[in-house]
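Below is one structure; the comments refer to it alone.
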Amino acid sequence: MSNDVLSLVNEELFGVWFLIGAALVFWMQAGFAMVEAGFTRAKNSGNIIMKNLMDFCIGTVVFVPLGFGLLFGEDLLGFIGKPGFDIFTSYQEFDWSNFVFNLVFCATTATIVSGAMAERTKFLSYCIYSAVISALIYPIEAHWIWGGGWLSQLGFHDFAGSCAIHMVGGISALIGAKILGPRIGKFVRDNSGKVTKVNAFPGHNLPLGALGVFILWFGWYGFNGAAATTLPQLGSIFVTTTIAPAVATVACMIFTWVKYGKPDVSMCLNASLAGLVGITAGCDVMDVRGAVMVGIVSGLLVVFGVWFLDNVLHIDDPVGAVAVHCLNGIWGTFAVGLFATTAAPGSELTGLFYGGGFQLLGLQCLGILTVGLWAAAMITITFLVIRATVGIRVTEEEEVSGLDATEHGLPSAYAGFSIMDVANTMTMEVNEYTHLGADDHEHAGYTAEKAEVPVYHALPAAKMNKVVVIAKLSRYERLKKAMNDIGVTGMTVTQVMGCGVQKGAGERYRGVEMDVTVLPKVKVEVVVGEVPVDRVVEAAKKALYTGHIGDGKIFVYPVERVVKIRTGEENLDALLDVE
C-alpha cells in the first residue's frame, strides 16, 4: 500500500513539474524577445517585440486545430499523426498537459527565425511564415522524433529538441536570411559585386540582450528538465544543463580574448545560448565529461559560425541565430552518438567514446540529414511563395526609417527617454507645393538646386573651413559615402530634430493621433583644408537631392571665425550670406 501511495505521489509531483516546465519554456519567449531587441537597432524594437508575441499567439491558433494532431495523432505510416479535433469533441479525456507543453515548444521553433530576419522583413510575411512552421513544418518532423514516427522507432535520440527545434529553427533562419538579403550597408561591394568589407551594426542595448540570455538560461531548466520522470534524472539534467553553457562561455571568452585582443561581450552571450542548444539533445544521457566536451565545441563553433556567415556566405544574421541554433543544434544531436553513457540516471544508450560503437552515431546522423532536408525544402518553398505573392522585404525607405514607424505606426519603442532613440522612427509627408520639377540631381537646374538645398557662407573664406550639413536621415548613408569618395574621412554626426516646409505625419497610439511638430534629421559636421570647400558642397548637394524643397541645408564657416563666434567676439547673423 505504501509503495502505491508513493508511486501516486511521485506521479502527481512530476505531473505538476511537467506543467511548471511548460511555463518556464513559455517564459523563454521573453528571453528571445529581449535578446533580439537588444542585439538590433532601437528603431526596430517594437517590431521585434510584436513578432515574438505573434509567434506564440499565431502558433497557438494553428496548433489547436492542426499542429497538435499532426504531432501526436494516430501514427500514419510513421510519417505524420492523424489530425483530429479531440480538444473540441472529447475535452474531458483530452491530454491537456501534453498539449500545453508541446505548444510552447512549437512557439520556440518559430521564434528562432525572427532574429536572423530582423530589421528588414515585412510583418505580414513574417506572420504567414510563423503560421506555416507552427501548423505543418515543425509538427510533422517532431512526430518522427517524439510522436511515435519512424525516427523514434529506429532509436534516434533527441531528448529536448537540439534537432527537432533548434536545428529546424536555425535552418529556417539561414534560408530565410539568404532569400531576404542583407540589411542596407551590411556588406560593401566593388563594381564586380565582390564583397570587400563587412560592416558591424552594434545592438542598441546590450544589457537588454544580456537579460534575455539569463531569462533563456533560467527557462532552459524547464526546457530540458520538464520531461524527467525521476528525481535523479532531473538532477543529472540540471547538472549537464548548467555545465555545458558555462564551459561554452568560458571557451568563447578565452578564444575571442586571444583572437581579438579583448573578450567579446556579445559573442560570449551567444556562446551561453550555444552551449544550452548543444546539450539539449543529450542532457539526459550524458555525464559531466560529455557536457564539458559539448560546451567547449559549442563555444568555439558559435564564433566560427558568426564569422562564416559574415565573411564566406555573406548572409546577414543580426543576432547570430544561425550560429547558435543551426550549427549547435546539429552538433548537439551528433554529440549524443559520441558521449551517451549508461552512467547517466535512466540512460540505456552508449555512444562511440563510451564503447557503444557507431550504431547510435549513425542513427543520429540519419536524423540530422532527414530532418534537415525536410526543414530546408519546406521552408524554402514557404519563403519563395511568400516572396512571389505578398513580398517578403520592406522598401529601402521603410528599412532606413525603421520598422516601428513604417510597419506599426509606433513613433518609438522608447518614447520619452531620448531624442536619439526617437530620431529614426518618424515618417514624413511630402508637401505637394515643394516639388521642383526634377527628381534627380542630374536633371535639376541651377534654380532648383539652390532652392532645394540652400548653402550659407560665412565670409570671408579661409584655409580651413567647417561645413555643417543638415539632412534627412534617409540620405545619411549616401551623404557619408559621398564625403568618403572625395576624401573627407573625418566627420561628427549628431541626430537632431527639426521641421521646415515638409510637415510631420501624425502617428497614432492606441487609436489616438499624436501631434508631431518636428522631424528627425541628421547633422554632419566636417572640417576641410586640403579638400576644396566647393567640392564638398557639390558632393553634399548631389547626395541630398530628391527634387523637393526641404531636403537639407549646408552651412560653411571659416574655422577661425567659428572660434570667435563661440567666444562671443563676433555675431553669427552678421557673417551669414546666402549663396
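Among the residues of the stretch 132-188, write down those that are in contact with a Ser or Thr (Cβ under 6 Å, 6 or more places away or on another chain) and among the aromatic types (Phe, Trp, Tyr).
Correct list: Tyr138 only.
For the stretch 519-534, name all the residues that are assigned to a helix (DSSP H, G or I) and either open to solvent by less than 30 Å² (accessible area, probe 1.4 Å) or on the phi > 0 side of the Ramachandran plot (or both).
Hit for the stretch 519-534 is Val533, nothing else.
Could you give me the residue pairs with C-beta distances under 7 Å whose first residue belongs to the stretch 39-51 and is in a helix (DSSP H, G or I), whose second residue is of a type in the set (Val, Ile, Thr) and surrounded by 24 or more Cβ atoms within 10 Å (Cβ to Cβ) wherever it lies, and which are 6+ apart or on separate chains?
Close Cβ pairs satisfying both conditions: Lys43/Thr425; Ile48/Thr40.
What pairs come out if I take residues in the stretch 247-271 that are free of Cβ contacts under 8 Å to residues at least 40 places away in the same chain and pair them with residues that are buried (at least 24 other Cβ atoms within 10 Å of the Cβ) and small (Gly, Ala, Ser) whose C-beta lies under 6 Å away, six or more apart or interchain?
So the pair list comes out as Ala271/Ala248; Ala271/Gly299.
Which residue, of Ala160, Ala118, is outside any helix (DSSP H, G or I) and touching a Cys at 6+ places or on another chain (Cβ under 8 Å)?
Every option except Ala160 fails the conditions.
Restricted to the stretch 479-518, and to residues that are modelled with pLDDT of 75 or more, more than 32 Å from the chain's Cα centre (by Cα) and of a type in the set (A, V, I, L, M, F, W, C), which residue is most open to solvent (accessible area, probe 1.4 Å)?
Of everything passing the filter in the stretch 479-518, Ile486 is most open to solvent (accessible area, probe 1.4 Å).
So for the stretch 355-362 (the condition being under 26 Å from Ala226 (Cα atoms) and either of a type outside the set (Asp, Glu) or at pLDDT below 95 (or both)), does at least one residue qualify?
yes
Which residue, of Val336, Val390, Val394, is of a type in the set (A, V, I, L, M, F, W, C) and open to solvent by 30 Å² or more (accessible area, probe 1.4 Å)?
Val390
Only residues in the stretch 187-207 that are over 30 Å from Tyr414 (Cβ atoms) count as the first member; pair them with residues that are in a loop (DSSP other than H, G, I, E, B) and open to solvent by 40 Å² or more (accessible area, probe 1.4 Å), Cβ under 6 angstrom, at least 6 apart or cross-chain, and list the lot.
Val195/His314; Thr196/Asp190
Being in a helix (DSSP H, G or I), of a type in the set (Gly, Ala, Ser) and surrounded by fewer than 24 Cβ atoms within 10 Å (Cβ to Cβ) is the filter here, so list the residues in the stretch 233-288 that pass it.
Listed by number, the residues that qualify are Gly235, Ala246, Ser266.
Mind checking whether some residue in the stretch 192-205 is closer than 26 Å to Val168 by Cα, more than 23 Å from the chain's Cα centre (by Cα) and either open to solvent by less than 60 Å² (accessible area, probe 1.4 Å) or not hydrophobic (A, V, I, L, M, F, W, C) (or both)?
Scanning the stretch 192-205 turns up no residue that is closer than 26 Å to Val168 by Cα, more than 23 Å from the chain's Cα centre (by Cα) and either open to solvent by less than 60 Å² (accessible area, probe 1.4 Å) or not hydrophobic (A, V, I, L, M, F, W, C) (or both).
The values are calculated or read from the model by the stated rules, or taken from the named source; none is laboratory data. As the structure is a prediction and not an experimental result, all values here were calculated from the model. Please note: Cβ atoms are built from the backbone with ideal geometry, for glycine as well, and neighbour counts cover all protein chains shown. In case anyone asks, the SASA skips ligands and DNA or RNA and just uses the protein heavy atoms, side chains included. Shrake-Rupley method; radii C 1.70, N 1.55, O 1.52, S 1.80 Å.
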